[in-house]
Amino acid sequence: MTRPLPEPPQLFARFDADNTSDGAARERFEQFVTDLIAVQWIDATTVAANNHNDWGIDTFVGDLGGGDVQVWQSKYFLDWQDKTRQSQVRKSFTSAATKAHENKYRIVEWTLAVPAILHPEQMKWFQGWATRTQRNTATRIKIWQGDTLRRRLMSTEALDVRREYFPHTLDPLAAPITLAPSVALTEDYTPFSDALFVRQLQAAGYDETSAACGMYFATEALRRDLEAKESAAELHALRTVKQDVHGIWEMRFNEHAPSSGTDGKMPALYSAVIIEAANAPDAPGLILQRAHKQGAAHMLVEEGKAGWVRRWRYVAEEHAAENQTRATAAEPNPAESEASLEPSDDGDAKHHSPVTTPVMPGDETTATEGETHDDRQDDAN
C-alpha cells in the first residue's frame, strides 16, 4: 500500500531536507530524474566530466558516437516566477546543441526536467521558445515539470524509484503488491503473417516484426483469458488502458505527421508510441506488464484504429480488399458443386459412396467393404 504523494512543491522540497547543501540537493535530483527515465528507457544513462564539461547532458538515450540521441536536462528549480530561469534554459540547450554539432550526433528530442510548476506566463514563454527552436533546429523540445514527474512516480513500474527517493510515502507494513498477470509467450509467428498490424509495420519500413507479434499475442491472450473468466471489471480496465494508448498514438501521430516524408513514412513515430505505451498508467483493478501495454498499440492497429504511416487508412483498406479477394477465390464454384451431384447413367449420383460406420474395438461383427451398419443389424436379426 502506498500513501498519497504530496503536491510537487512539498514533495520535491525533500531533496533540500535530505541534503546538506544546494549542490548535493541538485545532484540528488539529477540522479532521481535519471532513475525515473530508466523506468521507461532501460538504457538511459548519464555522463560525468570535470569542470561541468558534460556536453550539456544530464541524462541521455542513444548513440553519442554519431547517431540519434534523446537528452534530458535537469534543473533543480523549486520555483520559476521570473525571467532569470529563461536564460539558464536557453544556455543549456545551446550548449547541448553545440556539442552535438561538434561531435556529429543528432539530438532528436531535448527535455527539460524541473520540480517547479510553471506560472502561466513562464509556460507561455517556454512553449513559444520551444516552437521557435524546434523549427530552427529540428529538435523536439518538451518539459517535464513537477506534476509530470509526480505522475510518473505514481506508476507501478516506478515503485523502486519511489522507495529509493521518497520512502516516507510508502507504508513499511504494507501488504504485498498484487502482481501483474504473466506474459503469454509464443515462438510461432506464422499466424500473424497476414495480420493488418504487421502490414502497417511493413508499410512503415520495418522488416523485423517478431517482437510486435509477441506483444500482440500476449495482450490478445490476456483478453481471451479475462473473457473466459467473465471478469467484467478487468476487461473494462484493459479497454481503459487501450484508450490511453490510443490517445498516446494520436498525440504522437499529429506531432510527427507534418514532418513525414514524401512516402508518408514517419521514422520516429513507432518507437515514440511503443516506448510511451509501455509506461501508460494502469487502470484500477488491473496491473499490466509492459508487453501488455505495448501489445495494446498493435491491437488498435489490427482493429483499424491506428497506423504507422501518414496514409494508414489507405493501407488498412488495401489490406481488407486483398483479404476479400483471397476469400472469394477460395469459395467453391456453385456450378461445379451442382454438377458433382448430377445423376450418372446408372441412376446414382456421381462421386457418391456408401456411408459406413467405423467399427469400434470389441464389435463381434466385422463390416465387409461397402457394408453399412444397418445391413449388419438386419443380418443379426
key: Selected residue (criterion: surrounded by the most Cβ atoms within 10 Å (Cβ to Cβ)) from residues of the range 1-38 that are at pLDDT below 80 and hydroxyl-bearing (Ser, Thr, Tyr)   = Thr2
key: Where a residue in the range 187-200 is of a type in the set (S, T, N, Q) and its partner, wherever it lies, is surrounded by 12 or more Cβ atoms within 10 Å (Cβ to Cβ), with Cβ under 6 Å and at least six apart   = Gln200/Val301; Gln200/Gly307; Gln200/Trp308; Gln200/Val315
ask   = Taking only pairs six or more apart or across chains, which ones have beta-carbon atoms under 6 Å, a first residue in the range 236-247 that is in contact (Cβ under 8 Å) with a residue 60 or more places away in the chain, and a second residue that is open to solvent by 50 Å² or more (accessible area, probe 1.4 Å)?
value = none
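Taking the stated definitions as given, is Asp207 surrounded by fewer than 17 Cβ atoms within 10 Å (Cβ to Cβ) and touching a residue at least 24 places away in the same chain (Cβ under 8 Å)? Show your work before the answer.
Working: surrounded by fewer than 17 Cβ atoms within 10 Å (Cβ to Cβ): yes; touching a residue at least 24 places away in the same chain (Cβ under 8 Å): no.
No: the conditions fail for Asp207.
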remark   = Looking across the range 294-310 at residues that are open to solvent by 10 Å² or more (accessible area, probe 1.4 Å) and part of a loop (DSSP other than H, G, I, E, B), the single one that is farthest from Glu250 (Cα to Cα) is Glu303
query = Which of the residues spanning the range 39-57 are in contact with a helix residue (DSSP H, G or I) (Cβ under 8 Å, 6 or more places away or on another chain) and either at pLDDT 90 or above or farther than 17 Å from Ser95 by Cβ (or both)?
reply = Val39, Gln40, Trp41, Ala44, Thr45
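Which one is nearest to Ala158 (Cα to Cα) among residues in the range 267-293 that are open to solvent by 30 Å² or more (accessible area, probe 1.4 Å) and among the polar types (S, T, N, Q)? I'd like the intermediate steps shown before the answer.
Start the filter on the range 267-293 by keeping residues that are open to solvent by 30 Å² or more (accessible area, probe 1.4 Å), which leaves 267-268, 270-271, 275-276, 281-282, 284-285, 287, 289-290.
Next, only the ones that are among the polar types (S, T, N, Q) stay: 271, 289.
Values: Ser271: 21, Gln289: 13 Å.
For the range 267-293, the residue satisfying everything is Gln289.
Determine which member of the set Lys124, Lys99 is over 23 Å from Val33 (Cα atoms), open to solvent by 40 Å² or more (accessible area, probe 1.4 Å) and part of a helix (DSSP H, G or I).
Working: Lys99 fails: over 23 Å from Val33 (Cα atoms).
Result: Lys124 is the single residue among Lys124, Lys99 that is over 23 Å from Val33 (Cα atoms), open to solvent by 40 Å² or more (accessible area, probe 1.4 Å) and part of a helix (DSSP H, G or I).
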query = Among the candidates Glu276, Glu227, Glu303, which residue alone is among the acidic types (Asp, Glu) and within 25 Å of Arg151 (Cα to Cα)?
reply = Glu276
query = Hey, among the residues in the range 217-264 that are touching a strand residue (DSSP E or B) at 6+ places or on another chain (Cβ under 8 Å) and open to solvent by less than 30 Å² (accessible area, probe 1.4 Å), which one's nearest to Ala203 (Cα to Cα)?
reply = Gly264
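Hey, among Ile117, Ile42, Ile107, which residue is open to solvent by less than 30 Å² (accessible area, probe 1.4 Å) and either in contact with a strand residue (DSSP E or B) (Cβ under 7 Å, 6 or more places away or on another chain) or of a type outside the set (S, T, N, Q) (or both)? Before you say what the answer is, go through the steps one by one.
Numbers: Ile117 fails: open to solvent by less than 30 Å² (accessible area, probe 1.4 Å); Ile42 fails: open to solvent by less than 30 Å² (accessible area, probe 1.4 Å).
Answer to the selection: Ile107.
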request  = Would you mind telling me which numbered condition in (1) farther than 30 Å from Lys265 by Cβ; (2) at pLDDT 90 or above Ala283 fails?
outcome  = (2)
ask   = So Ser74 fits all but one of (1) within 24 Å of the chain's Cα centre (by Cα); (2) open to solvent by less than 40 Å² (accessible area, probe 1.4 Å); (3) among the small types (Gly, Ala, Ser); what number is the exception?
value = (1)
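The values are calculated or read from the model by the stated rules, or taken from the named source; none is laboratory data. Values in this document were obtained by computation on a predicted structure and should not be read as measured data. We place every Cβ from the backbone using ideal geometry, glycine too, and count neighbours over all the protein chains shown. Keep in mind that these areas ignore ligands, DNA and RNA; they rest on the heavy atoms of the full protein, side chains included. Shrake-Rupley method; radii C 1.70, N 1.55, O 1.52, S 1.80 Å.
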